[in-house]
Amino acid sequence: MSKVVVVGSCSTDLFFYTSKLPNPGQTIHGKQFSIDFGGKGANQCVAAQNLGADTVFIGCVGEDLFGEDILNNFKKCGVDTRYIVKKPNVDTGVAQINVTDDGENYIIIVAGANGTLQKGDVDKAESVLLNETGVVLFQFETPLETTEYLLNKISTINSKCCKIVNGAPAYSNLQKEILQLADIFCVNESEAEIYTNEIIKIDSIESANQALSLLLKQGCNTVIITLGPLGAVFASKDAREPQWVRLPKIENPIDTTGAGDAFIGALAYFIVHKPNLNLYEKIKRSCAIATVTVQHKGTQKSFPLRNDLPNKLFD
Ligand code: RIB
């Protein structure tokens, strides 16, 4: 049960670095443009693979150049691509990402082929999910029906597999079943506000802790809320007292895009490869890895390889 399987999105990220965002009807000059490999699922997969995980990606691309490039990138990174389906008559997913001078990102995605992931596509990976998977990761850039179907199936066929659901992008009316089927539900602060019906503005550790409590009441097993520079808070059904994992301050983040994905990929790596660490320590190390990514531009190209990181993270 040593594999990390990601069921999710893969996209081409089109980055626009800019001092400010335009007003309605306004055209402004940006500072720089670049293209990277992205999609929350692909990012989480590559983040885990870069640390040394044995990863498998289940998802869809279109029959176009972007799709071909994404497949080649996965292969170059060492990801198992046997369960990536090329779909006809649909474009590979894309994201338009504006990054402002403070490193903040503003993302619009067009799911394209990611939106066509069906039960029949994920069923092809049944034997891997049954016999070899230690952690499976989901996000919400692929159809929710497929996610719910596979979460149910894995609960039946592989009870030892840890199911992590990253509730991003956030849905305002998510069925509670998905929250309950996930072993770990992980969101950032703005997503947590949506899942708690926007009754709390999360602007402090106290308000984040209130959101944790509300999410546990909705049936989550373990909830992690990532808080950018403040680190993360988490709590579980059977350990309801919230815990705060603090981060050393990063003075000038360059680009925060994909930091949350790097966190989740790292968490999956630690769950499989460092099972004896407690959850606090796994989250702390994953936060440390996510922090590295905000000091570089891009999504996957900002993700560190294991050899670039201090050995103490892997003790
Ligand atoms: O989390 C960052 C990712 O969100 C980007 O790579 C983009 O593709 C969107 O999916």
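The values are calculated or read from the model by the stated rules, or taken from the named source; none is laboratory data. All of these numbers come straight from a predicted model, not from anything done at the bench. Every residue, glycine as well, gets a Cβ built from its backbone with ideal geometry; the counts of neighbours run over all protein chains shown.
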Where a residue in segment 194-221 is touching a residue at least 40 places away in the same chain (Cβ under 8 Å) and its partner, wherever it lies, is among the aliphatic types (A, V, I, L, M) and in a helix (DSSP H, G or I), with Cβ under 8 Å and at least six apart: Gln218/Leu179; Gly219/Leu179; Cys220/Leu179
Inter-residue pairs, beta-carbon under 9 Å, first touching a residue at least 24 places away in the same chain (Cβ under 8 Å) and closer than 16 Å to Ala268 by Cα and in segment 153-170, second within 16 Å of the ligand (Cβ to nearest atom) and among the aromatic types (Phe, Trp, Tyr), 6+ apart: Lys163/Phe138; Ile164/Phe138; Val165/Phe138; Val165/Phe140; Asn166/Phe138; Asn166/Phe140; Gly167/Phe140
Segment 1-49, subset surrounded by 24 or more Cβ atoms within 10 Å (Cβ to Cβ) and more than 15 Å from the ligand (Cβ to nearest atom), residue nearest to Ala290 (Cα to Cα): Gln49
Residue in segment 119-142 that is surrounded by the fewest Cβ atoms within 10 Å (Cβ to Cβ), counting only those that are of a type outside the set (D, E, K, R) and in contact with a Phe, Trp or Tyr (Cβ under 9 Å, 6 or more places away or on another chain): Val128
Among residues of segment 233-255, those that are closer than 21 Å to Thr299 by Cα and more than 16 Å from the ligand (Cβ to nearest atom), counted: 5
Meets criteria (away from the ligand (no atom under 16 Å from the Cβ) and in contact with a helix residue (DSSP H, G or I) (Cβ under 9 Å, 6 or more places away or on another chain)) for Thr55: yes
Single unsatisfied condition, Lys160 versus (1) modelled with pLDDT under 95; (2) touching a helix residue (DSSP H, G or I) at 6+ places or on another chain (Cβ under 9 Å): (2)
Residue that is farthest from the ligand (Cβ to nearest atom) [pool: residues in segment 256-281 that are over 16 Å from the mean Cα position of the chain (by Cα) and closer than 24 Å to Ala208 by Cβ]: Asn278
